[in-house]
């Protein structure tokens with residue numbers, strides 16, 4: 001068996017075109033343009049690239065974005081004041097604080113300062129906790145993107161054995177909760193898991209977000225498994241690779257997301273989705 005490769009770029013383009021139509025309709029019918037505020041503290045090169053990509057995607061779909069660049073030595077209180085002002089601004093429907101933050105700033109404090117109905121990254125404690133009950137306002141963008149990929153490929157979730165490799169608060173844990181909401185039987189593996197292969201071989205659907213290049217080999221998966229590779233790692237030679245050994249796993253999987261070009265484009269697309277939904281809810285709240 002040779003896996004069919006999931007084209008995350010194509011799925012993202014399709015969804016962004018749909019969102020652009022909804023954004024245009026919102027502007028024509030209600031005079032509202034979805035707006036997102038992006039806060040970047042410091043000059044981390046990777047963060048600067050991520051922020052540029054997000055702002056570019058917003059522009060392409062008709063979302064208004066404002067970038068607030070703060071020095072690395074910005075006091076936490078100053079950042080909090082900026083968030084408070086954006087929380088109170090009705091033209092801002094989403095607030096994103098780019099991570100990581102300088103070490104003197106508490107990430108939990110910052111994420112919980114963002115208003116729940118503007119937390120388009122889905123990192124607020126309320127949104128994360130809401131995943132347990134199915135009442136989250138905004139799901140975290142990366143696992144939400146994985147969910148959308150599985151939907152697009154018509155992958156049945158209910159009753160399937162799903163193994164999530166990686167237990168981070170950003171991907172692994174919320175991914176497991178979202179799949180449980182769809183009646184999957186979910187196992188979470190992490191760095192302390194012994195004999196990882198004994199778990200991954202049981203998976204009908206395997207989601208890997210461990211941050212370890214080539215962690216999953218072909219002999220660690222079953223025939224016909226659906227594999228979503230969330231990992232993105234830069235090798236010494238400059239190549240970007242995932243957590244899955246593409247060559248060997250592609251010989252056994254039925255579906256496989258590549259790196260790059262798989263989950264990555266979907267993460268930003270879900271940020272656009274959440275910002276649009278926030279604006280639509282604001283309009284509905286006004287009657």
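Diffusion coefficient (Stokes-Einstein, Kirkwood radius over C-alpha pairs, 4 °C, 1.567 mPa s) for region 112-224: 88 µm²/s, rounded to a whole number. Multiplying the residue separation of residue 192 and residue 76 by 0.36 nm and subtracting their alpha-carbon distance yields 38.3 nm.
In a fully extended conformation the segment linking residue 240 and residue 43 would gain 68.7 nm over its present Cα-Cα distance, using 0.36 nm per residue. The base-10 log of I(q)/I(0) for region 142-287, evaluated at q = 0.13, 0.20 Å⁻¹, reads -0.56, -1.23 [Debye formula, identical scatterers on Cα atoms, solvent excluded]. Could you state the number of Å between the C-alpha centres of region 226-285 and region 177-211? If we compute the Cα centre of each part, the gap is 17 Å.
For the residues 85, 176, 57, a GNM of the chain with alpha-carbon springs under 10 Å puts the largest fluctuation on 85. FRET efficiency for the pair residue 219 and residue 158, taken as 1/(1 + (r/R0)^6) with r the Cβ-Cβ distance and R0 = 41 Å, rounds to 0.90. Structure remark: mean-square fluctuation, Gaussian network model of the chain, C-alpha springs under 10 Å; the largest value among 44, 53, 154 belongs to 154. Between residue 181 and residue 5, the contour length at 0.36 nm per residue exceeds the Cα-Cα span by 60.8 nm. Angle of helix 264-285 to the longest C-alpha principal axis of the chain, folded into 0 to 90 degrees and rounded to 10: 40°.
Kirkwood Rh and Cα-based Rg: tell me the resulting Rg over Rh for the chain, rounded to two decimals.
Dividing the radius of gyration by the Kirkwood radius yields 0.98.
If packing is taken as the average number of other Cβ atoms within 10 Å across a peptide's residues, how do 215-223, 68-76, 93-101 rank, most packed first? All intermediate terms of the calculation are to be shown ahead of the outcome.
Details: 215-223: 17.7, 68-76: 13.8, 93-101: 22.1.
Put in order of decreasing packing, that is 93-101, 215-223, 68-76.
Over every Cα atom in region 31-126, the radius of gyration and the widest Cα-Cα span, Dmax, amount to 12.8, 41 Å.
Taking 7 Å steps out from each Cα toward its Cβ at residue 29 and residue 248 produces label points 5.3 nm apart.
Read the figures in this text as sums done on the coordinates, not as results from a lab. Remember, it's a predicted structure, so these values are computed and weren't measured experimentally. Note that each Cβ is placed from the backbone with ideal geometry, even for glycine, and that neighbours are counted across all protein chains shown.
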